[in-house]
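*Asks:* One structure coming up, written as structure tokens, with questions to follow.
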Amino acid sequence: MAFKIHVYMLNEHFSQEHADAHFGGKESENNKLLDWEDEMDLKLDIDKIDEQPKTTYYLRGTRGNNDVFEVPVKEMRVFEFSNKGELVAQIACSETLYEKHEIDEKSNTIHLTLKGEPYANPVPGIYIASLEFPKELIPRD
């Protein structure tokens, strides 16, 4: 079964008091609840989702000179999507960004809500708080 992932970034400036006082508790044009929403489709056969709070995620890639790297990022919440015991995909966020999530197995959807604070999104589905981004991967002039 394929899965749809929705990621929401809360607007840190949203005022529920203002919404309650002026808009019946709802957001308005100048008082948005979300900064953005991202949607991803995992068109893979998935039969299991495991949530791992407060774990280490390994950011892997290649630098411009074909130098392969693998850097641990601690205090991450990782969701692993598996099929027949084999890992097929992951999404992850820093624990400091994590607000809540909901998995709806009937519609094969996961909703992940993040707190509005500075972050990096080095690859789709990976959200790392700016203060926790690995220093060795930040380009120096």
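Computed from the coordinates by the stated procedures, all read-outs in this text should not be read as laboratory data. Given the structure is predicted, the values throughout are model-derived calculations rather than measurements. Neighbour counts run over all protein chains shown; Cβ positions are idealised from the backbone, glycine included.
*Asks:* Can you work out the PRE-style zone for residue 88? Point 7 Å along Cα to Cβ, and I want the residues of the range 2-44 with backbone N under 14 Å.
*Replies:* Flagged as within label range: 2-5, 41-44.
*Asks:* Follow-up. Quick one: compute the contact order of the chain, relative version, from alpha carbon pairs under 8 angstrom and 6+ residues apart, as a percent.
*Replies:* Result for the chain is 24 percent.
*Asks:* Gain in length, residue 21 to residue 60, computed as 0.36 nm per residue apart minus the alpha-carbon separation, to one decimal in nm?
*Replies:* 9.3 nm
*Asks:* Now for a different question. Sequence neighbours fewer than 8 away in the same chain don't count; with that in mind, list the lysines whose C-alpha is under 21 Å from residue 135.
*Replies:* Leaving aside lysines fewer than 8 places away in the same chain, those within reach of residue 135 are 54, 74.
*Asks:* Taking neighbour Cβ counts within 10 Å as the exposure measure, how do 23, 79 sort from fewest upward?
*Replies:* 23, 79
*Asks:* Then there is this: Rounded to the nearest 500 deg cm²/dmol, what is the calculated helix-only ellipticity per residue at 222 nm for the chain, with -39500 (n - 2.57) per DSSP H run of length n ≥ 4?
*Replies:* Taken over the chain, the calculation gives -1000 deg cm²/dmol.
*Asks:* Hey, what D do you get for the range 50-113 in µm²/s if you plug the Kirkwood alpha-carbon radius into Stokes-Einstein at 10 °C and 1.306 mPa s?
*Replies:* 119
*Asks:* Can you list residues from other chains, or at least 5 along the same chain, whose modelled amide H is less than 5 Å from the amide H of residue 35?
*Replies:* 9, 10, 11
*Asks:* Could you tell me what a quarter of the Cα convex hull surface of the range 20-141 works out to, in nm² with one decimal place?
*Replies:* Projected area, direction-averaged: 10.9 nm².
*Asks:* Given 71, 6, 118, which one lies farthest toward the positive end of the charge dipole of the chain, if we put +1 on the Cβ of every Lys and Arg and -1 on the Cβ of every Asp and Glu?
*Replies:* 71
*Asks:* Residue 106: which lysines have alpha carbons under 17 Å from its alpha carbon, excluding same-chain residues fewer than 8 sequence positions away?
*Replies:* Within reach: 4, 43, 48.
*Asks:* Dividing the convex hull volume of the alpha carbon atoms of the range 15-62 by its residue count, what do you get in Å³ per residue?
*Replies:* 220
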